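I have placed the structure first, in the form of structure tokens, so that the comments after it can refer back to it.
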């Protein structure tokens, strides 16, 4: 016998959890944008001292780790349906 979706034994996620997942997704976007800016600072040899460039790399590392942690939290909230897509560009124009 096939059960209808209304009587399925799998519980539906709480709407509060969906709100948290959406907030985490926005946090991932912000972390990735900030990390990209830190990488720009770290590669700019003209305007920054070496210590500033190294500090920017450290901050970028922490931001990427925070993004990965948030992505894992979203995966736990939503199950295996979450997929994070990352596009990397080098910024050079052809």
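The values are calculated or read from the model by the stated rules, or taken from the named source; none is laboratory data. Small disclaimer: the values here were computed from a predicted structure and weren't measured. All Cβ positions, even for glycine, are placed from backbone atoms using ideal geometry, and neighbour counts span all protein chains on display.
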Checklist outcome for this item: Scanning the range 1-56 for residues that are assigned to a helix (DSSP H, G or I), at pLDDT below 80 and more than 18 Å from residue 78 (Cβ to Cβ) gives 6, 7
Next on the checklist: Here's a check for you: in the range 71-94, which residue that is surrounded by 10 or more Cβ atoms within 10 Å (Cβ to Cβ) and modelled with pLDDT under 70 is nearest to residue 28 (Cα to Cα)?
Outcome noted: 84
